[in-house]
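Worksheet: one structure, shown below.
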Amino acid sequence: MIKVLFFGPVAERAGTNEAQVVFKDGMRLHDLREQLQSMYPDAFEIVCFTAVNGEHALDTSLPLRDGGEVVFMSKFSGG
Amino acid sequence: MKDAVRLQQEDFSQDEEISALRASSKRMGGIATFIGCARDFSENRSVSKISFDVYGSMALAEMSKLRSEAIDRFVLLDARIVHRVGVVGAGDQIVFIATCAEHRAPALQACQWLIDELKQRVPIWKKEITPHGESWVTAHP
């Protein structure tokens with residue numbers, strides 16, 4: 001399984017803070033995003049950044065691994 | 001001594017943070033600080049509270065990276081970053097940044113660089129709570 005987390009405005013639009021997605025061999029970040037985007041279209045309208053296992057992920061072809069953690073995030077507004 | 005980089009619900013003491021910074025070296029010629037506060041208005045609405053959501057583990061890791069990068073980039077002697085989470089009231093303190101160096105210029109430059117980078121890189125989201133409802137804040141420059 002891949003643990004997907006949502007925070008702040010993305011979580012509000014998704015109506016949840018967390019989702020579990022079944023891992024498939026060869027799965028890449030863009031595969032996961034496409035799957036979730038169809039489930040939470042409103043939330044993904046404001047997604048600007050992605051983190052994989054706690055690190056900013058810029059490459060959408062990044063291979064995922066079973067048990068990983070992925071976060072789709074909107075622009076930050078801390079400080 | 002408290003960690004130099006922290007996320008915490010409770011308020012922080014500027015005096016305690018600066019004392020901790022000063023204890024790190026006697027070579028410093030200047031300390032620069034920034035305190036971010038919760039405004040009681042935003043876009044013509046009064047704001048009573050601000051609520052923060054945070055991706056804690058990544059936020060702390062990014063803040064630690066920022067501190068290390070600032071120390072290297074500006075040749076600082078030390079730096080501290082504290083950000084509150086949870087709910088803060090209007091007028092309360094939100095974020096504290098302090099930098100120290102042998103001379104004032106790098107301390108001041110690093111302090112501004114740190115708050116600017118924090119806003120861009122640290123996964124924290126702010127929601128304003130007003131008498132008429134709540135809304136997530138869009139990032140400001």
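Coordinate-derived values only; no laboratory data. This is a predicted model, so every value here is computed, not measured. Because the Cβ atoms are built from the backbone with ideal geometry, glycine has one as well, and the counts that use them run over all protein chains shown.
Data overview
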read-out	value
Cα long-axis angle, helix B:56-74 against chain B (0 to 90 degrees, to the nearest 10)	40
Cα long-axis angle, helix A:29-39 against chain A (0 to 90 degrees, to the nearest 10)	60
Lysine pairs in chain B with Cα atoms under 18 Å, if 8 or more residues apart or on separate chains	5
Ranked list, fewest to most other Cβ atoms within 10 Å of each Cβ, for B:ARG27, B:ARG104	B:ARG27, B:ARG104
Pairwise centroid distance, computed over Cα atoms, of the range B:48-67 with the range B:71-141, Å	10
Footprinting exposure proxy for B:ARG80, A:ARG13 (fewest neighbouring C-beta atoms within 10 Å first)	A:ARG13, B:ARG80
Helix-only mean residue ellipticity at 222 nm for the protein assembly as shown, each DSSP H run of n ≥ 4 adding -39500 (n - 2.57), per residue, nearest 500	-9500 deg cm²/dmol
Charge dipole magnitude, Cβ of K and R +1, D and E -1 - the protein assembly as shown, Cα centre, debye nearest 20	460
Ellipsoid semi-axes in whole angstrom, largest first, where each is sqrt(5λ) of the Cα gyration tensor of the range A:2-73	18, 12, 11
Geometric extent, Cα atoms of the protein assembly as shown - Rg, Dmax (angstrom)	19.0, 58
Normalised convex hull volume, the range B:79-132, alpha-carbon set, Å³ per residue	98
Formal net charge of residues neighbouring B:ALA90 (Cβ-Cβ distance under 10 Å; K, R +1; D, E -1)	-1
Shielding by partners - mean other protein chain Cβ count within 10 Å, residues of B:49-62	4
The range B:25-141: radius of gyration and largest Cα-Cα distance (Dmax), Å	15.6, 51
